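Heads up, the thing below is written out as structure tokens.
The values are calculated or read from the model by the stated rules, or taken from the named source; none is laboratory data. Just so we're clear, the structure is a prediction, and the values are computed from it rather than from any experiment. Cβ coordinates were reconstructed from backbone atoms using ideal geometry, including for glycine residues, and neighbour counts include every protein chain displayed. Ligands, DNA and RNA are stripped out before the accessible areas are found, and what is left, the full protein with its side chains, is counted by its heavy atoms. Shrake-Rupley method; radii C 1.70, N 1.55, O 1.52, S 1.80 Å.
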Amino acid sequence: MSEKLLFELSSPGREAFSLPASDVPLRPIEELIPEEYRRAEAPALPELSEVDIARHFVRLSILNHHVDKGFYPLGSCTMKYNPKVNETLSRLPGFANLHPHQPESSFQGALKLMYELGEYLKEIAGMDQITLQPAAGAHGELTGLLMINAYHRNKKRPRSKIIIPDSAHGTNPASVITAGFSTVQVRSNSKGLVDVEELKRELNEDVAALMLTNPNTLGLFESQILEISKLVHDTGALLYMDGANLNAMMGITRPGDMGFDVVHFNLHKTFSTPHGGGGPGSGPVGVKDSLAPFLPIPMVAKRTGGKGGEEYGWEWERPLSIGRMHGFFGNFGVMVKAYAYIRQNGPKGLREVSENAIINANYLKENLKSYYDLPYDEVCQHEFVLSGEKQLKQKGVKTLDIAKRLLDFGLHAPTVYFPLIVHEALMIEPTETESKESLDEFMQAMIQIAKEVEENPEIVKSAPQNTPVTRLDEGKAARDLNVRWKG
Ligand SMILES: *Cc1c(COP(=O)(O)O)cnc(C)c1O
């Protein structure tokens, strides 16, 4: 990697600013700051011009792969292209400069936007009430589970267990433990779906809820969901849906109609907020009426009165609420983008989003399945899972090698080694925003890699070669963290 550190680019005396001469009389620092708080030496900061700094960071930004640079089929993560107009809208001064302590009457527009976003999400998921507070999917899971706990306690019959399938995303068991429950795992059957017989054996009066992802992390629709819902509810337990895969069902079907009592949304996956760099996200949680008393406070409420006959405000009156889940009201900027995205697409457009996500995934799956193992050969939803097992057994090439080789083609790798139930998993989610040309480019690269494994496996095992850095020791950075500059 040729890019130098800012410290190495530094040149004494260079500055990125120029200020007019001060007309305030100078006073020596000794008069203003006591000695014990003063440095003996100036800090060792880099000295650079504005051009140096801008170019340094732009060069770094294009060394990395990102969704505005190329295809990013990271399964489960929904790394899709996000319309830039939504960024512009979320930065409008009236939104971006709001202060959370302003009086309600001074930001009626923002409150109305939050209220209407909640109404849209309820409609999309078939839920009765909603909170926009949680900051991401995992935070939404915790919120939903705390409400489930409060629900059972309020019935004076606390329950301690949550059932999760073995294909679940890692945040599910983590949230279960954080919420104070313990997990019970149910296996998937040979079709990659919840094994209903095993579920029956695990259901009892101690189970608070079943937590499901639908479509599940194999990209398969849980076709027995109505039967599952009845079994769960018959024992007094509730049904939680991890809604991270909602981009496979918008306008086609709804969690509420399948019997789910709680669902979280990942606005930063399904509804057009760029993510992957660590945030911000937003994970609203929709619930059926039975759980509404436990929703976090404050809620956004619409009241009669004010100009035009309606006004919006915070509602704090909810005696059984689990309390607050976020400082102030959640990540508002993400809500603006989601609101704009939903309004731009409308009901028909959202359905097309899901249909195209499904078509794109099936197109890749059908064209790649003769080159890689496809453990669950079914019509998939928005993603599918291949296995590199054949390549490993025949040529000793690991899935990690295949993923690294893709980088040489200027493509981002799929998710690897997840879900855990598929050996050497390659989890591919193309999303709806890709053209046939970019899907074909990825497909051709995957096919070429499969051929290389046959003819010249070393090239795959030693990949990547065309990237700013070659194969990294992925454990070393965590075990041997040293970020000090040795100048
Ligand atoms: C992304 C994801 C989550 C977690 O969501 P975050 O917003 O990253 O916290 C949970 N479940 C599934 C299936 C996911 O894809």
Column: log10 I(q)/I(0), Debye, Cα scatterers of the stretch 197-277, q = 0.13, 0.18 Å⁻¹: -0.43, -0.76
Distance from the stretch 348-365 to the stretch 59-94 (C-alpha centre basis), Å: 20
For the stretch 127-200, what ratio Rg/Rh do Cα atoms give with a Kirkwood hydrodynamic radius? 1.01
What do you get for Rg/Rh over the stretch 442-487 if you use C-alpha atoms and the Kirkwood form of Rh? 1.20
Here, the stretch 1-122 modelled as identical Cα point scatterers in vacuum has Debye log10 I(q)/I(0) at q = 0.09, 0.16, 0.18 Å⁻¹ of -0.64, -1.05, -1.09
Can you sort Asp377, Asp234 by solvent-accessible area, 1.4 Å probe, largest first? Asp234, Asp377
What is the distance in Å between the Cα centroid of the stretch 110-187 and that of the stretch 309-331? 17
Taking a probe of 1.4 angstrom, what is the accessible area of Ser11 in Å², to the nearest 10? 30
Distance histogram for the stretch 6-63 (every C-alpha pair counted, 10 angstrom bins, percent rounded to whole numbers): 17, 31, 33, 16, 4
Across the stretch 110-155, how large is the tail of the calculated P(r) beyond 16 Å, expressed as a percent of all Cα pairs? 51
Restricting attention to the alpha-carbon atoms of the stretch 168-304, what are Rg (one decimal) and Dmax (integer), both in Å? 15.7, 55
Of the heavy-atom accessible surface of the chain (probe 1.4 angstrom), what whole percent is carbon and sulfur? 54
In the structure displayed, which of Lys191/Lys369; Lys200/Lys398; Lys365/Lys476; Lys161/Lys476; Lys161/Lys337; Lys398/Lys476 lie more than 27 Å apart, Cα to Cα? Lys200/Lys398; Lys365/Lys476; Lys161/Lys476; Lys161/Lys337
Residue-normalised value, i.e. accessible area per residue, for the stretch 74-157 at 1.4 Å probe, in Å², stands at 44
Cα centre as origin, Lys/Arg/Asp/Glu Cβ charges: the stretch 363-439 dipole, Debye: 420
Please give the calculated 222 nm ellipticity per residue for the chain, where each DSSP H segment of at least 4 residues contributes -39500 (n - 2.57) and the sum is spread over every residue; nearest 500 deg cm²/dmol? -11500 deg cm²/dmol
Along the dipole axis of the chain (charges at Cβ: +1 for Lys and Arg, -1 for Asp and Glu; origin at the Cα centre), the most positive-end residue among Leu246, Pro93, Pro158 is Pro158
Excluding Met211 itself, calculate the net charge of residues whose Cβ lies under 10 Å from the Cβ of Met211, where each Lys or Arg counts +1 and each Asp or Glu counts -1. -2
Bins of 10 Å, starting at 0 and running to the largest distance - Cα pair percent for the stretch 277-352: 15, 33, 39, 12, 0
Percentage, to the nearest whole number, of Cα pairs in the stretch 315-453 over 23 Å apart: 48
Kirkwood hydrodynamic radius for the chain: how many Å is it when counted over pairs of different Cα atoms? 25.4
With the dipole of the stretch 6-63 defined by +1 on each Lys or Arg Cβ and -1 on each Asp or Glu Cβ, the option from Tyr37, Leu9, Ala21 whose Cα lies farthest towards the positive pole is Leu9
Given 0.36 nm per residue, what is the gain on full extension from Tyr37 to Ser223 after removing their alpha carbon distance, in nm? 60.2 nm
